[in-house]
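The values are calculated or read from the model by the stated rules, or taken from the named source; none is laboratory data. These numbers come from a predicted model, not from an experiment. Cβ placement follows ideal geometry from the backbone for every residue including glycine, while neighbour counts extend to all protein chains displayed.
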Amino acid sequence: MSWEAPQLAGTVALVTGASRGVGKGVALALGDAGATVYVTGRTTVDEAAAAVSERGGRGIGVRVDHSDDAQVEALFARVREESGRLDVVVANAWGGYEDHDWQTFGAPFWEQPLSRWHTMFESGLRMQLTTARFAAPLLLEQQRGLIVLTGGWDDPHEYLGNLPYDLSKAGTSRLVATLAHELRPHGVAVVGVYPGFTRTEAVVGAYAAAGMEPPPETQSPELVGRAVAHLAADPELLTHTGTGAQASTYAERYGFADVDGSTPTRFAMPPENRL
């Protein structure tokens, strides 16, 4: 099924952590809409940027370690010098899975290593805050713009199965609200677009290793990107600032399907994870 992408020609966007996974899906969808997209990450950014250009946008790859504040600051200085403006920022880079043992993911919090708290918050949530911190001055100059945070969760009554992970996701959702509060008077919107069960390379690889296919309720990484593109083109964007939802909710709102033509539905945790 073809996608009637909104028109974002002339829009300058930046997507962090976009060399693969959800970030790459966002960058590709923005390319479909004709945007100039700065694609950041630690690996294969040039390949991802080339794919954006092939889709009709203009992809610019920049190698950035988003745990290094100096590199992040230099990134936005480069955007200012090269493009003179910035319209859309997607804070997707998240290092919370580094040094992560999935076999102990569901262990009680008192058995979780303290290092996991550090990675979830310092290498995870802090990356999103740092991105917003250095993006804000560019967006404020235009008195309009959009910051999107991925990685949050849309139901505070669902437990994500791991205490530090759950808290970090709740932190992202709260960051959407607090950033929006400060930026709303300047015309800049902050919105959470949260992936559901997504067929990233890591998920597909994990299922393949077990000799299985991902379940049918999974969604493509580009579903998140389509949501971002429609938000960026929405003339009533500021009415959504401070809110967050799964990409499937935006698909229903704006009337788009996933890349395979399927109608996405919200991914929910099992009943035993209700708080």
Yes or no: segment 240-254 includes at least one residue that is in contact with a Gly (Cβ under 9 Å, 6 or more places away or on another chain), closer than 22 Å to L8 by Cα and either of a type in the set (S, T, Y) or at pLDDT below 95 (or both). yes
Meets criteria (of a type in the set (A, V, I, L, M), assigned to a loop (DSSP other than H, G, I, E, B) and touching a helix residue (DSSP H, G or I) at 6+ places or on another chain (Cβ under 6 Å)) for V259: yes
For segment 210-266, name all the residues that are free of Cβ contacts under 8 Å to residues at least 40 places away in the same chain, among the aliphatic types (A, V, I, L, M) and under 23 Å from K169 (Cβ atoms). A227, A251
If W110 meets every condition in (1) closer than 20 Å to L275 by Cα; (2) not acidic (D, E); (3) not in a helix (DSSP H, G or I) apart from one, which number is that one? (3)
If I ask for residues that are surrounded by fewer than 15 Cβ atoms within 10 Å (Cβ to Cβ), touching a residue at least 40 places away in the same chain (Cβ under 8 Å) and either more than 30 Å from Q142 (Cβ to Cβ) or among the charged types (D, E, K, R) (or both), which ones from segment 179-196 would you list? R184
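Considering R42, R63, R55, which residue is touching a Leu at 6+ places or on another chain (Cβ under 6 Å) and charged (D, E, K, R)?
R55
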Count - residues of segment 197-239 that are surrounded by fewer than 24 Cβ atoms within 10 Å (Cβ to Cβ), hydrophobic (A, V, I, L, M, F, W, C) and either over 24 Å from R85 (Cβ atoms) or under 12 Å from the mean Cα position of the chain (by Cα) (or both): 9
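In the list P235, P216, which residue meets the criterion of being closer than 14 Å to T263 by Cα and in a loop (DSSP other than H, G, I, E, B)? Full working, then the answer.
Working: P235 fails: closer than 14 Å to T263 by Cα.
The match here is P216.
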Does segment 37-60 hold any residues that are in a strand (DSSP E or B) and farther than 17 Å from N92 by Cβ, and which are they? R58
Residue ID - farthest from A9 (Cα to Cα), chosen from residues in segment 41-68 that are loosely packed, with under 14 Cβ neighbours inside 10 Å and among the acidic types (D, E): D68
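When you look at W102, is it free of Cβ contacts under 8 Å to residues at least 60 places away in the same chain, surrounded by fewer than 20 Cβ atoms within 10 Å (Cβ to Cβ) and touching a helix residue (DSSP H, G or I) at 6+ places or on another chain (Cβ under 6 Å), yes or no?
Values: free of Cβ contacts under 8 Å to residues at least 60 places away in the same chain: yes; surrounded by fewer than 20 Cβ atoms within 10 Å (Cβ to Cβ): yes; touching a helix residue (DSSP H, G or I) at 6+ places or on another chain (Cβ under 6 Å): no.
Considered against the rule, which asks whether it is free of Cβ contacts under 8 Å to residues at least 60 places away in the same chain, surrounded by fewer than 20 Cβ atoms within 10 Å (Cβ to Cβ) and touching a helix residue (DSSP H, G or I) at 6+ places or on another chain (Cβ under 6 Å), W102 comes out as no.
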Would segment 116-127 turn up any residue that is closer than 18 Å to L237 by Cβ, assigned to a helix (DSSP H, G or I) and of a type in the set (D, E)? no
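Output the residue which, of all residues in segment 128-151 that are in a loop (DSSP other than H, G, I, E, B) and over 17 Å from G23 (Cα atoms), is farthest from the chain's Cα centre (by Cα). Even if it seems obvious, please write down each step before you answer.
Quick first cut of segment 128-151, residues in a loop (DSSP other than H, G, I, E, B) only: 143-144, 150-151.
Now restrict to residues that are over 17 Å from G23 (Cα atoms): 143-144.
Working: Q143: 22, R144: 20 Å.
The qualifying residue farthest from the chain's Cα centre (by Cα) is Q143.
Output the residues belonging to segment 34-61 that are hydrophobic (A, V, I, L, M, F, W, C) and within 17 Å of the chain's Cα centre (by Cα). If you could, list the steps in order and put the result at the bottom.
Going through segment 34-61, the residues hydrophobic (A, V, I, L, M, F, W, C) turn out to be 35, 37, 39, 45, 48-52, 60.
Residues satisfying the conditions are A35, V37, V39, V45, A48, A49, V52.
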Can you say whether G34 is part of a loop (DSSP other than H, G, I, E, B) and either in contact with a Leu (Cβ under 6 Å, 6 or more places away or on another chain) or modelled with pLDDT under 95 (or both), as far as the supplied structure shows? yes
